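Q: Just dropping this structure here.
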Amino acid sequence: MGCFRVGPNGSPGCTYGYSLLSQHLSSMPVSSPGRTAVFVDGCRLPFQRAGTGYADLMAYDMGRMVLRHLLTRTGLPPDRVERVVMGTVVQDVNTSNVARESALAAGIPNHVPAFTVTMACISSNQAVTSGVDLLRTGQADVMIAGGTETLSDPPVRLKRPVRKRLFQARKAKSTGDYLDLLDGLSPGDLLPETPAIAEFSTGEVMGESADRLAAMFGISREDQDRYALRSHEKAAAARDDGRLDEELAPATVPPAFDPITTDNVIRDDTSLEQLRDLPPAFVEPFGTITAGSSSALTDGASATLLMAEEVAEAEGVAPRAALRTYTYVAQDPEMELLLGPAYAIPEVLDEAGLTLDDIDVIELHEAFAGQVLAVLEALRSDTFAAEHLNRTEAVGAVEMDRLNTRGGSLSLGHPFGATGARLVMSAVNRLHDEDGRWALVSACAAGGQGHALLLERRPS
């Protein structure tokens, strides 16, 4: 964790003292473009399977809690924040700019702008890199980026014929006018529409695309089951030995207010035998994607504190990592929906002049076990490199002892709008715990998009 030094000799005056920062605010020089953005600290609420711990909360509630926790653990005065950016996917019309509502409820002053971004599963990745851009260009010196999501309470709406009649009802004046609005409606029109996790452009649910991707790259059912088991085992071990503690902030939910302190998606009791017995979840009878090798619908929120490095140095703040090059990519959403990391990773490596062998820590979003394994296969494939990346040789093989060593989305859960910031804080924590220099974060997203980001460790 970063330490905000307040002593006259640069030594810590307290673990997270931030009392001098407001003194520097008015005296800091105007910033110039090209500054380095750094990660100072981050936290997340324990992720909960949809319909469980946070079932009665709005995304706004979780966003408010995680922002408040971040301010408390860092000692950052709320009026020192200059921007708040949060990702979300399944939006509530009552809090369409959930970043702003969460920031206000967390005590961040009215004058601090806040905006919400949405980019499917990489929404909080976009929040973080939006923050990087604001810091690099001098539009902000100190900011918070994160995300929040509830999948327990997705918006349910009436069908279009009923919605049209309700709109027309504004002009109704008599009983006859209201009765006329019912003319032509069938009982089926009155049934609510529930949102589907499907691609608007193709009509396919993501699991169907994952099945196709696994088949394209020859990923077997057994390989997927083994990877899913690995994810749960890694997450359970990291939970039990305390490695996850540094990123978790307890959540309290009314009316009992009993603290929620751990992720509840992790399956301690799963086994390869149990995973083998699960039927195909999306493509029957020959599909290889099952519920056990798919990320669960999850609620949660995450937040990171980012600063410009020169500002952090001037104010005695010890950053934990520098956020270096990043990219976003897009492919055919039908054939390559979840293959984004295979395109994004070589872009950031080439930009930085690095190879996979230089990377100490890799955090790769696990939408499905088959998706992760297909990406890894694409990266080590000379054929994929030649046909899709215009390269003469493969990007390289990912060493498994560098990949998701504390579990991933399959085991920790996947709140769509909050996962990206979790990946970033996990990568930073691992860099320090595993004594590495370079970390790579990458994720796929609905719409056939992908993201990759390089982080460089800063000394403790």
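The values are calculated or read from the model by the stated rules, or taken from the named source; none is laboratory data. All values derive from a computational prediction rather than experimental measurement. All Cβ positions, even for glycine, are placed from backbone atoms using ideal geometry, and neighbour counts span all protein chains on display.
Q: Inside region 357-400, can you point out the residues that are of a type in the set (Phe, Trp, Tyr) and over 28 Å from THR298 (Cα atoms)? Steps first, please.
A: Initial filter on region 357-400 (of a type in the set (Phe, Trp, Tyr)): 368, 384.
Correct list: PHE384 only.
Q: Would you confirm whether or not region 22-39 contains a residue that is surrounded by 20 or more Cβ atoms within 10 Å (Cβ to Cβ), at pLDDT 95 or above and among the basic types (Lys, Arg)? Don't jump to the end; show me each part of the working.
A: First, pick out the residues of region 22-39 that are surrounded by 20 or more Cβ atoms within 10 Å (Cβ to Cβ): 37-39.
Still in the running and at pLDDT 95 or above: 37-39.
Now narrow it down to the ones that are among the basic types (Lys, Arg): none.
Among the residues of region 22-39, not one is surrounded by 20 or more Cβ atoms within 10 Å (Cβ to Cβ), at pLDDT 95 or above and among the basic types (Lys, Arg), which makes the answer no.
Q: Specify the residue that is nearest to the chain's Cα centre (by Cα); the eligible residues are those in region 103-128 that are under 15 Å from SER302 (Cβ atoms) and hydroxyl-bearing (Ser, Thr, Tyr).
A: Looking at residues that are under 15 Å from SER302 (Cβ atoms) and hydroxyl-bearing (Ser, Thr, Tyr), I get SER124.
Q: Which residues, taken from region 47-70, are in a helix (DSSP H, G or I) and touching a residue at least 40 places away in the same chain (Cβ under 8 Å)? Steps first, please.
A: Taking region 47-70 and keeping what is in a helix (DSSP H, G or I), we get 59-70.
Listed by number, the residues that qualify are ALA59, TYR60, MET62, GLY63, ARG64, MET65, VAL66, LEU67, HIS69, LEU70.
Q: Considering only residues that are exposed (fewer than 12 other Cβ atoms within 10 Å of the Cβ), of a type outside the set (Ser, Thr, Tyr) and assigned to a loop (DSSP other than H, G, I, E, B), which ones fall in region 165-206?
A: Correct list: LYS173, ASP183, GLY184, LEU191, PRO192, PRO195, ALA196, PHE200, GLY203.
Q: Additional query: Of (1) closer than 26 Å to LEU453 by Cα; (2) outside any strand (DSSP E or B), VAL40 satisfies all except one. Which?
A: (2)
Q: Are any residues in region 359-380 in contact (Cβ under 8 Å) with a residue 60 or more places away in the chain and in a loop (DSSP other than H, G, I, E, B), and if so, which ones?
A: Just the residues of region 359-380 that are in contact (Cβ under 8 Å) with a residue 60 or more places away in the chain, to begin with: 359-375, 377-378.
Matches in region 359-380: ILE359, ASP360, HIS365, GLU366, ALA367.
Q: Here is a further query. Tell me which residues, restricted to region 241-268, are surrounded by fewer than 18 Cβ atoms within 10 Å (Cβ to Cβ), in a loop (DSSP other than H, G, I, E, B) and either modelled with pLDDT under 95 or within 20 Å of the chain's Cα centre (by Cα) (or both). First the steps, then the outcome.
A: Taking region 241-268 and keeping what is surrounded by fewer than 18 Cβ atoms within 10 Å (Cβ to Cβ), we get 241-242, 245-246, 250, 252, 254-259, 261-262, 264, 268.
From the residues that got through so far, the ones that are in a loop (DSSP other than H, G, I, E, B) too are 241-242, 250, 254-258, 261-262, 264, 268.
Answer for region 241-268, where residues must be surrounded by fewer than 18 Cβ atoms within 10 Å (Cβ to Cβ), in a loop (DSSP other than H, G, I, E, B) and either modelled with pLDDT under 95 or within 20 Å of the chain's Cα centre (by Cα) (or both): PRO250, PRO254, PRO255, ALA256, PHE257, ASP258, THR261, THR262, ASN264, ASP268.
Q: May I ask you to list the residues in region 329-359 that are surrounded by fewer than 18 Cβ atoms within 10 Å (Cβ to Cβ), in contact with a strand residue (DSSP E or B) (Cβ under 7 Å, 6 or more places away or on another chain) and either polar (S, T, N, Q) or under 20 Å from ARG430 (Cβ atoms) (or both)?
A: Across region 329-359, the qualifying residues are ALA352, LEU354, ASP358.
Q: Would you confirm, using the coordinates I've provided, whether GLY450 is touching a residue at least 40 places away in the same chain (Cβ under 8 Å) and in a loop (DSSP other than H, G, I, E, B)?
A: Details: touching a residue at least 40 places away in the same chain (Cβ under 8 Å): yes; in a loop (DSSP other than H, G, I, E, B): no.
Against the criterion (touching a residue at least 40 places away in the same chain (Cβ under 8 Å) and in a loop (DSSP other than H, G, I, E, B)), GLY450 does not qualify.
Q: Residue by residue through region 269-286, note down the ones that are closer than 18 Å to GLU366 by Cβ and assigned to a loop (DSSP other than H, G, I, E, B). Show your work before the answer.
A: Pass one, region 269-286, residues closer than 18 Å to GLU366 by Cβ: 270, 272, 275, 278, 281-282.
Result: THR270, LEU278, ALA281, PHE282.
Q: Quick one: would you say ALA397 is in a helix (DSSP H, G or I) and farther than 22 Å from ARG267 by Cα? If you could, list the steps in order and put the result at the bottom.
A: Values: in a helix (DSSP H, G or I): no; farther than 22 Å from ARG267 by Cα: yes.
No: the conditions fail for ALA397.
Q: Go through (1) within 21 Å of the chain's Cα centre (by Cα); (2) farther than 27 Å from SER302 by Cα; (3) not in a helix (DSSP H, G or I) one by one and return the number of the condition SER209 breaks.
A: In the conditions (1) within 21 Å of the chain's Cα centre (by Cα); (2) farther than 27 Å from SER302 by Cα; (3) not in a helix (DSSP H, G or I), SER209 misses (3) alone.
Q: While we're on this one: Provide a single number: the residues in region 291-345 that are farther than 16 Å from GLU363 by Cα and either without any contact (Cβ under 8 Å) to a residue 40 or more places away in the chain or not in a strand (DSSP E or B) (or both).
A: So the count comes out to 22.
Q: Taking interchain pairs and intrachain pairs at least six residues apart, which have beta carbon atoms under 9 angstrom, with the first residue in region 71-85 and free of Cβ contacts under 8 Å to residues at least 12 places away in the same chain and the second buried (at least 18 other Cβ atoms within 10 Å of the Cβ) and among the small types (Gly, Ala, Ser)?
A: Correct list of pairs: THR72/ALA249.
Q: Could you look through region 91-125, keep only residues that are among the β-branched types (Val, Ile, Thr) and over 27 Å from ALA330 (Cα atoms), and pick out the one that is surrounded by the fewest Cβ atoms within 10 Å (Cβ to Cβ)? Show your work before the answer.
A: Initially, region 91-125 is screened for residues among the β-branched types (Val, Ile, Thr), giving 93, 95, 98, 108, 112, 116-118, 122.
Filter once more, keeping what is over 27 Å from ALA330 (Cα atoms): 93, 95, 108, 112.
Details: VAL93: 7, THR95: 20, ILE108: 26, VAL112: 19.
My answer is VAL93.
Q: So which residues in region 97-112 are in contact (Cβ under 8 Å) with a residue 24 or more places away in the chain and within 28 Å of SER442 (Cα to Cα)?
A: Selection gives VAL98, ALA99, SER102, ALA103.
Q: Looking only at residues in region 126-164 that are in contact (Cβ under 8 Å) with a residue 12 or more places away in the chain and basic (Lys, Arg), which one is surrounded by the most Cβ atoms within 10 Å (Cβ to Cβ)?
A: Ranking the qualifying residues of region 126-164, first place goes to ARG136.
Q: Right, here's the next one. Condition check: buried (at least 20 other Cβ atoms within 10 Å of the Cβ), over 20 Å from SER426 (Cβ atoms) and within 22 Å of the chain's Cα centre (by Cα). Does GLY300 satisfy that? Explain how you work it out, then say what you get.
A: Values: buried (at least 20 other Cβ atoms within 10 Å of the Cβ): yes; over 20 Å from SER426 (Cβ atoms): no; within 22 Å of the chain's Cα centre (by Cα): yes.
For GLY300, the condition - buried (at least 20 other Cβ atoms within 10 Å of the Cβ), over 20 Å from SER426 (Cβ atoms) and within 22 Å of the chain's Cα centre (by Cα) - is not met.
Q: Given ARG226, ARG230, which one is surrounded by 15 or more Cβ atoms within 10 Å (Cβ to Cβ), within 19 Å of THR405 (Cβ to Cβ) and touching a helix residue (DSSP H, G or I) at 6+ places or on another chain (Cβ under 7 Å)?
A: Numbers: ARG230 fails: touching a helix residue (DSSP H, G or I) at 6+ places or on another chain (Cβ under 7 Å).
Step by step, each of ARG226, ARG230 is checked, and only ARG226 is surrounded by 15 or more Cβ atoms within 10 Å (Cβ to Cβ), within 19 Å of THR405 (Cβ to Cβ) and touching a helix residue (DSSP H, G or I) at 6+ places or on another chain (Cβ under 7 Å).
Q: In the set THR383, THR392, which member is more than 30 Å from ASP435 (Cβ to Cβ), in a loop (DSSP other than H, G, I, E, B) and of a type in the set (S, T, N, Q)? Talk me through it step by step, then tell me what you get.
A: On the way: THR383 fails: in a loop (DSSP other than H, G, I, E, B).
Result of the check over THR383, THR392: THR392.
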